Structure formats: structure tokens, C-alpha cells
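Some notes on the structure that comes next.
The values are calculated or read from the model by the stated rules, or taken from the named source; none is laboratory data. Here the structure is a predicted model, which is why all the values come from computation and not from measurement. Note that each Cβ is placed from the backbone with ideal geometry, even for glycine, and that neighbours are counted across all protein chains shown.
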Amino acid sequence: MRTPKDPKSYYWTHIKNMVIGDVGARRAVPLLIVIAAIILALSPAAIYAETYPTGEIYVTTTTDASEIDTSGWQDVDGVEVAGFSVCGDKLLYQGVIYNTVQIGTQCWFGENLDYDDGCSNATWVDNTDVGWCGYYNDTDYGEGLLYQWSAAMDGSTSQGAQGLCPSGWHVPTDAEWHTLEDYLWDGVTGTCDGTRTSGTAGCSPAGDVLKAAGLCQGRTPCGTTGFEGILAGYQNSVGSFLSRGMTAFFSSSTASAATLYIHSINLPVTTVTRWNNSYSKVSTHSVRCLKN
């Protein structure tokens, strides 16, 4: 990444030691935009921000924009921010910074999607998919939003649709979830059948290595992939929030008429469970984006 030529002369403001998984840090970019707007009000200079691999962010004003190479940067609410290039880079999307992680041939978000396109304004109706999204118990724990299926898919019904993911990314299919778990299966423990019966677990130790470190009750290996699966729970079809701290439920873009295909990881087990007829499109689940 580039280093500012002379931070002092360009009035760089440095936001240090961001921990991207922390809720405060994930909200740093909107705060950054507010700071930048204040600076702009006091100066006719341009505003730039730059992220570094450590997660640090710099913001600046300068009357000499030629001194800063902004080619390939994203423009977010008037603030130009260094953009995603290769898997492993951080990605800024709709005001939130996400880690990205390469696992086998796939590039995944390293956090749950946390983008509200207005879906939280939908009025919840029991047993009906109205395109709702929201936080578990209406509290932002830094674990991303929970989405009804039509909200996650942004109205599409096609497998592999972009949904609410950024351009160039999509909501993974049931088969793509299996590609992930099969890559992480040790090939010895149990089985890892991509068409296993709904509610059947398999592919050990994929469930543990997909979790965030510390969520395996002392088992190893644990949390080794960078996927950082957190046990964010879900909301059932009548609006009750359940299973936070116990289970993570990840939506796919594969569905039948009334139900969707989900892959879940659970605190006490090393496996991944596949569901294809147990959870309706009404219930809400976490979403991970997958690179095209």
C-alpha cells in the first residue's frame, strides 16, 4: 500500500489500531466520513482516506491531489478509499470494512454481511417473507444482520444471485457451501456428502475450523481458516430470536418453493449440518458473500 509522502503537510488524521471484527471499528468508516465532512467544511481541499493492511486508516485534506495516487480507489460518500484488489485485502462496502479470506479455490467474506438497504424498515409479519432484516433482539452485537431470504437475495430467486452482496460477489449456492466444507473435511472422519439428508451433519472438522477461535470448547483445530464463523443465532417464522451463542445459520441462494438450503455450525460439534426442508424463507439467517 502507498505511504503518504508527508503526513504532516497534508494534515493526515490517523485512526489507529482498528480491530476490524469489533463493532466500534466496523462503524469507523461512517465516523470517518463525518470527520471528513467537517474537515471539508473548514477547507476547500479534497478529502482522501487510505486503509493499510493492519486495519489503520488515514484521512487527509490536500490542495494538491496530484500528490496522491488514487487510481483504483473506491469513492464512498465523497471519500475515496483504497479498494479491494485480491483475496485477502479488506473490502469497504456500504460503509463497513470486511476482511476477505481465500479457502481453497474460493474467496469469502471474513464477516457476516451487515448491509441494510432499507430492509429493516419492512414491517414484520409472522409466517410471511416480507423482505425483512434486522439485528438479533434489535441489538447490534457486531455479528451482522439476519435476513429473510428475499431480503438477502434482493428480490431475486436465481441460484448464485448477487443479492445484497457487492458487485462481483454473490450469495453462495448450496453446492458452493459444500465445496467449502468438503475442502475442509479431513477425509477420514464420517462422511461429507453434498446431498445429505436435511439435518444431517458431516465434513468434520469443517465446523470447528470455520468458527472464530475460542468457539470450539477446547477442541483443536479451531478457527484456523480466517472465516471467523460466529454463533449469531437466527429468528424463526413467528419472530422469536433463538440460538445465539450456540449456532450459526448461513443462508444459500438455493431454495425450494417454501424453504431454503442452509448450512449451520454448532458450538458442541466439529461438523457442518445441511438443511434443505427445515427452515422457511420467513426465518432470518446470517449471510456470507462469495467472490464470483
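With respect to Gly88, determine if the residue is at pLDDT 95 or above and either surrounded by fewer than 17 Cβ atoms within 10 Å (Cβ to Cβ) or over 14 Å from the mean Cα position of the chain (by Cα) (or both).
Criteria not met by Gly88.
Annotation: of all residues in the range 170-199 being in contact with a Phe, Trp or Tyr (Cβ under 9 Å, 6 or more places away or on another chain) and more than 20 Å from Thr224 (Cβ to Cβ), the one that is surrounded by the most Cβ atoms within 10 Å (Cβ to Cβ) is Pro172.
Residues in the range 102-134 that are within 11 Å of the chain's Cα centre (by Cα) and not hydroxyl-bearing (Ser, Thr, Tyr): Trp108, Phe109, Gly110, Glu111, Asn112, Leu113, Asp114. How do the pairs read when you match residues in the range 207-230 that are in the same structural domain as Thr273 (by TED's automatic domain parsing) with residues anywhere that are crowded, with 16+ Cβ neighbours inside 10 Å and of a type in the set (Lys, Arg), using Cβ under 6 Å and keeping only pairs 6 or more apart or on different chains? Hits for this filter: Gly223/Lys211; Gly229/Lys211.
Residues considered: Thr247, Thr220. Of these, the only one that is farther than 23 Å from Pro172 by Cβ and among the hydroxyl-bearing types (Ser, Thr, Tyr) is Thr220. Counted as qualifying within the range 233-290 are the strands (runs of 3 or more DSSP E) with 2 or more residues that are in contact (Cβ under 8 Å) with a residue 12 or more places away in the chain, crowded, with 19+ Cβ neighbours inside 10 Å and touching a helix residue (DSSP H, G or I) at 6+ places or on another chain (Cβ under 7 Å), namely 247-255, 260-266. When Thr123, Thr191, Thr128, Thr195 are checked against the criterion of being outside any strand (DSSP E or B), touching a residue at least 60 places away in the same chain (Cβ under 8 Å) and of a type in the set (Ser, Thr, Tyr), a single residue qualifies: Thr128.
Of the residues Gly142, Gly134, the single one that is closer than 21 Å to Ser253 by Cβ and surrounded by 15 or more Cβ atoms within 10 Å (Cβ to Cβ) is Gly134.
Number of residues in the range 127-171 that are farther than 19 Å from Arg244 by Cα and among the acidic types (Asp, Glu): the value is 2. So is Ser167 of a type in the set (Ser, Thr, Tyr) and surrounded by 15 or more Cβ atoms within 10 Å (Cβ to Cβ) or not? So Ser167 fails the test. For the range 200-212, a residue qualifies if it is of a type in the set (S, T, N, Q) and either closer than 20 Å to Gly233 by Cα or surrounded by fewer than 17 Cβ atoms within 10 Å (Cβ to Cβ) (or both), and exactly one does: Thr200.
Would you be able to say whether some residue in the range 142-158 is over 23 Å from Leu290 (Cβ atoms), touching a residue at least 60 places away in the same chain (Cβ under 8 Å) and in a loop (DSSP other than H, G, I, E, B)? Looking for residues that are over 23 Å from Leu290 (Cβ atoms), touching a residue at least 60 places away in the same chain (Cβ under 8 Å) and in a loop (DSSP other than H, G, I, E, B), one finds none in the range 142-158, hence no.
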